[in-house]
Structures are given as structure tokens and as C-alpha cells.
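Structure, as C-alpha cells:
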Amino acid sequence: MNKSNIHTLLSERILILDGAMGTMIQRYGLGEDDFRNEELKDHPKSLRGNNDLLSITRPDVIRAIHAEYLEAGADLIETNTFSSTTIAQEDYGTEHLVHELNKQSAAIARDVADEYTAKNPDKPRFVAGSLGPTNKTASISPDVNDPGFRAIHFDELKEAFKQQMRGLQEGGADLFLIETVIDTLNAKAALMAAFELQDETGKELPVMLSGTITDASGRTLSGQTTEAFLVSVAHFPMLSIGINCALGAKNMLPYVKELSEKASCFVSVYPNAGLPNEMGEYDESPEIVADQLKEFLDLGIINIVGGCCGTTPDHIRAIAKLASKYEPRSIHPETAVA
């Protein structure tokens, strides 16, 4: 990908990120057999729910989901790799598949994105290699009786993220999206991995970073305010920084507004379709989500917008239609956090 190309596009218009992968996968009603192929037919652990595996066992499903989001107007589609690190795959005993998972997931997304770009060269489509936070944190002890204990350390995280990024890069990702950051130290490990990989390969892929505010306290799970999160990572050259997941759009507005006022890079937001109900489902319709995001657009504080948990192609279609009427946020380096 031509780095200046996406920078230019982000200065010209608001780009649309896709919506939830898991929500769409649930609609297929897949069973245990769908998560197995010949290699995994005798795997001793249950694999159902390990959605990243579908990139190698049911690539047709992942391809179809990507196509639905592109048809709805997405400019960027995320690879099906939110949990494709050795750390996260350890629960399923599938760490040995990590490189294949990332490379294959990126290749599927690359193929579909290129197909839609060819249909309309004036609307190029990009592949964002998704890197989730892992199920272990470097700043928080999982043992309440031993606050100094850590289940994972920085160098282990960095190497796991670098392995994931290498596969994503080989598969054809245009950029890396380090998302749903709950622990900034984990995110720093991923950022360091990206820049070490760049030095090793000579290939520079832009990096998007997106944190999550877990509750009304306005802090990440590791305790940082939005400004503290930004200050902690501002020295890394990033394409964008933003907020995703956890809260609905309405509750995310003050935090995204603060990022917009202080960040020297582009700003993203992709909210859940509201907060989950007692059944774990998301109730906000495409119209409700788009209406809530209208205030962000009216304020001119975003460059990239999409959806997280509970959002569908219908949500992205409504968001894309609305965002097309607005100008993107302008970057003002003189007011940025140094």
C-alpha cells in the first residue's frame, strides 16, 4: 500500500471501517465440525468458538462476511485475527497454527478487497490486520492475593505480536490495527513489535491504535484516563488513534472529543451497538447508532468511523451514508500532545 495514499484519502474524506466479525459469524449457526479440517479432526480440545480458525476451516464464511461489509460501503476491512496470537490460541492448543491463521486471514481479506477496488478504482479498499489485546495483561495481576504477579511479560507479548504481524504482512495486509486496548503496556509491546518488524523487513505498514474505555469512570482497564493513554503512546508514529468497543457511541463522545483535541494523528471511533442486554445481545439498530454518531460528525472530530460488537453490514451502510455528507477532522499539530 502506498502510505501517502491513505494519508491523502483521510485528509479528503472520512473513511469507513467495517463492523463486527463475531456477530456475523453467529448468524451462520456453525457447529464443532466447522472449526475442524483434516489436520484438526482429532484435536483433543473443543474448538467451537475459536472464530479465527474459520479462516482455514471455513474460508468461504469469512470471505462472504468481508464482501457484505465492502458492499455496505466499508473502505477498510479487518482480518479475522483478533485472537491469532500464540498467547490467545494457547487456550485451544492451536498455537502451532498462528502463522497460518494470520497469513490466510490477510490473504482472504486482500483478495476480496482487491476485487471491490477493481470494481471501483475511485474507492480503493484497504486491509487492516487486526491485533486484539490477548487474554493476558502486562500491567495487571490475575491473582488478587499477589498484586505483583504477572501472567505475561513485555518481551513475550512483543514476540507474540511480531509473529502475528509477520503473518499478516505476508498475507497482504495494508496496515496494522492494534485494537480494544485495555492495557497500554500490551499496546506498547505491539507498537514496538511493528517497528522492529519494519526494521527487519524494510517494509513500513501504517499502524492504527484503538483503546477501550471499560466503564463510566472514563478509564481503561489498567486505570488510565484518555489523555494518559494518549500521552503514553504519542511518541510512536501512528496513522490514527481512537476508541472502540465496551460502550455505545453516546457514552464514547467525551473521550473521542478529547483525543481529537490533543492527538497529532488521525482519530477513529467504532462503537458497539449499545451495551449488551441481559442475554448478551445488542439492541441498538443501524438508525440509532448512526444517529448517535451524527454528533461526532457535527463536531468534526473523526477521520475513521465504523462499528464494533453487535454491528452488522446494515449498521455500516447507515454510518457510511451519513458520513459521506461530512468533512473529515483536520489535524492541528500545534495543539497536540507532545
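Between A216 and S285, the simple label model (points 7 Å from Cα in the Cβ direction) yields a spacing of 2.7 nm.
Of the residues L168, L76, H96, the one whose Cα sits farthest toward the positive end of the charge dipole of the chain, with +1 on the Cβ of Lys and Arg and -1 on the Cβ of Asp and Glu, is L76.
Evaluating 6.51 cos²θ - 1.76 cosθ + 1.60 at θ = phi - 60° for every residue in region 14-29, the Karplus couplings come out as 6, 8, 9, 8, 6, x, 5, 7, x, 4, 6, 4, 4, 5, 7, x Hz, glycine and proline recorded as x. Using only Cα atoms, locate the centre of region 169-195 and the centre of region 127-159, then give the distance between them in Å, rounded to an integer. So the separation of the two Cα centres works out to 14 Å. Exposure here means at most 13 other Cβ atoms within 10 Å; with GluC sites (Glu not before Pro) in a DSSP loop as sites, the longest stretch of the chain lacking them is 40-277. Taking amide hydrogens as placed 1.01 Å from N in the peptide plane, the amide H of V181 sits under 5 Å from those of S210, G211, T212, each at least 5 positions away in sequence or on another chain.
Compactness of the chain is given as radius of gyration and Dmax, 18.7, 59 Å, from Cα positions. With the highest mean first, a sort of the peptides 44-53, 15-24 on other beta-carbon atoms found within 10 angstrom per residue produces 15-24, 44-53.
Here the relative contact order of the chain, from alpha carbon pairs under 8 Å that lie six or more residues apart, stands at 19 percent. Under 5 Å between amide hydrogens, built in the peptide plane, is the criterion, and for S130 it picks out T79, T81, L177 among residues at least 5 positions away or on other chains.
Every read-out reported here was derived from the displayed coordinates using simple, explicitly stated rules and does not represent laboratory data. For clarity, every value in this text was computed on a predicted model and none was experimentally measured. When we count neighbours, we look across all protein chains shown, and the Cβ atoms used for this are built from the backbone with ideal geometry, even at glycine.
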